[in-house]
Amino acid sequence: MSKKETVKFIVHLIATIATAIVTALGTTSCVGANKCYSNMFDGCTSLTSAPELPAKTLKDYCYAGMFQGCTKLTTAPELAAETLAEYCYQLMFKGCTKLASVTCKATNIGANSCLNSWLDGAGTEATSPKLHILSTDANADANWNLPTTPDTWQITRDQ
């Protein structure tokens, strides 16, 4: 097996194990201590797809930096939580240059720094990156047009 094939295999193995852990421990909540999945794949430049993140109840910093620097990641997992915790998505997709879309179901983004720098440098190599939000709040657009959402990202919304 070549070095490239070995690295691909290891990345796939890690992603499979992480998916199993996330699925087993957090089907409806990000259980455990704060920072439970923080920086899990940080700098994993071979990661192209992300595990499901079905948690609907989050802890502080739970997904902070999780995919930061994953330069080959093209699609984000659907972010199912409706209420965000402090710093929960901070730096989550920072530097994911090929990231083309993010779907976030959050309707309450009032927690301290919950979206801090979460898309910084993300989608710079993607064609028309999109942030899709699901909201029934008529004022949601104003809340999502934060400095945390790069100007190059198109925001779409379901009502």
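Quick rundown of the values:
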item	result
Cβ-derived FRET efficiency at R0 35 Å, residue 42 paired with residue 1, nearest 0.05	0.85
Mean separation of Cα contacts under 8 Å (6+ apart) over length of the range 40-130, as relative contact order %	28 percent
Long-range HN-HN contacts of residue 155 with modeled amide H, under 5 Å	131
Length released on extending from residue 52 to residue 125, taking residue separation times 0.36 nm less the Cα-Cα span	24.0 nm
Estimated FRET transfer efficiency (residue 83, residue 9; beta-carbon r; R0 25 Å; 0.05)	0.05
Computed lengthening from residue 132 to residue 151, 0.36 nm per intervening residue step minus Cα-Cα distance	5.4 nm
Among 88-101, 34-47, the order from most to least packed when residues are scored by Cβ within 10 Å on average	88-101, 34-47
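A short reminder: the numbers here are calculations on the coordinates, not readings from a lab. Remember, predicted model here, so these are calculated numbers, not experimental data. Cβ coordinates were reconstructed from backbone atoms using ideal geometry, including for glycine residues, and neighbour counts include every protein chain displayed.
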